[in-house]
Amino acid sequence: MFANAQLLTRREAAECLRQSVRMVDMLIASGELPAVRIGRSVRIRPSAIEYFISARESRIKVKVNRRAKP
């Protein structure tokens, strides 16, 4: 069942999110990003990162400047 399971370090999770390790730590501490503690290590499931991202996706309206610059 867990033979192919891969857990990410805090640094790897930060790279996936393009954030700092400190930001990942804050997300874990707030409960927004689930993590697993194994001994003194903290690990994050890739599926937790995918869920974190998909839960924050929204339709963003982008303003388009229709005036052409001369």
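The values are calculated or read from the model by the stated rules, or taken from the named source; none is laboratory data. These numbers were taken from a predicted model, which means no experiment stands behind them. Here Cβ is always computed from backbone atoms with ideal geometry, including for glycine, and neighbour counts include all displayed protein chains. Heads up: the accessible areas ignore ligands, DNA and RNA and are worked out on the full protein's heavy atoms, side chains in. Shrake-Rupley method; radii C 1.70, N 1.55, O 1.52, S 1.80 Å.
Say we look at the range 39-70 and pick out the residues that are touching a Leu at 6+ places or on another chain (Cβ under 8 Å) and open to solvent by less than 100 Å² (accessible area, probe 1.4 Å); which of these is farthest from Leu7 (Cα to Cα)? Here the answer is Ile53. Restricting attention to the range 6-38, the residues that are within 9 Å of the chain's Cα centre (by Cα) and surrounded by 15 or more Cβ atoms within 10 Å (Cβ to Cβ) add up to 7.
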